[in-house]
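This report concerns only the one structure given below.
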Amino acid sequence: MKFCSECAHPVSLAIPDGDNRPRYVCPQCHTIHYQNPKLVIGTLPVWECDGKLQVLLCKRAIEPRYGYWTLPAGFMENEETTEQAALRETEEEAGADVELGKLFTLLNVAHVHQVHLFYLARLRSLDFAPGEESLEVQLFTQDDIPWDDLAFPTVRNTLELFFADRVKMREGGGYGFHCRDIHRPMLAPREPD
């Protein structure tokens, strides 16, 4: 940050009185500019028919991670609930209508100042299509998921936890709520073919 959004004066990095960490502070109007983590909200949409379970993934049409697969998710907007953000992002990225389930994962990605939340979701139909931020949208069984081409560690973690909970369900358990810290950065992009 270089300029104050209140008065346009240059800001400086300082620890304000009563605080414990550096903030951007305007010496002109004394506004303290707090910068907080962004929320990335999405769904884990599934389709189950005749005992066959499939997960809906989107191939990214934008950076970062262009061409890699992800769950439908994106930044939460102001004046939105987390549930509304999850439904909106699923519709925007995958053109999918889902019935939202419970919150499944909360993943702290502190090194990029983000918190990722994924809800379980059930596809209401097979009527889906890529949105502007997706090259394609496809259903995958667990064995067919392109594990080496997943866009983000949060997506991999969410999918791994989901399939682990599926095993527990067969043994009388259910889907849990999972909270994890992600310390691993994204892998380097692969070379184009």
Please compute the modelled spin-label separation between residue 171 and residue 147, points set 7 Å along Cα→Cβ, answer in nm with one decimal. 1.9
Subtract the Cα-Cα distance of residue 20 and residue 88 from 0.36 nm times their separation in residues, and report this length gain in nm to one decimal. 20.8 nm
Check the straight Cα-Cα distances from residue 52 and name the lysines below 21 Å, setting aside those fewer than 8 residues away within the same chain. 168
Counting Lys and Arg as +1 and Asp and Glu as -1, what is the net charge of the other residues whose Cβ lies under 12 Å from the Cβ of residue 125? -1
What is the antiparallel percent of DSSP beta bridges lying wholly in the chain, to the nearest 5? 70
Neighbour counts of other C-beta atoms within 10 Å: give me 118, 140 arranged from fewest to most. 140, 118
Residue-normalised 222 nm signal for the chain, counting each DSSP H run of n ≥ 4 as -39,500 (n - 2.57), nearest 500 deg cm²/dmol, is -5500 deg cm²/dmol
For the chain, just the Cα atoms, rotate onto the principal axes and tell me the three extents in Å, largest first. 66, 42, 32
Rg(Cα)/(2.2 N^0.38 Å) for the range 34-104, N = residue count: 1.20
Highest mean packing first, using Cβ neighbours within 10 angstrom, the peptides 126-134, 171-179, 97-105, 65-73 sort as 65-73, 97-105, 126-134, 171-179
Mind telling me which of 28, 114, 138 comes out most flexible in a GNM of the chain, alpha-carbon contacts under 10 Å? 28
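Read-outs throughout are calculated quantities, based only on the coordinates presented, and are distinct from any laboratory measurement. If you're wondering where the values come from, they're calculated on a predicted model, not measured in any experiment. All Cβ positions, glycine included, derive from the backbone under ideal geometry; neighbour counts span all protein chains shown.
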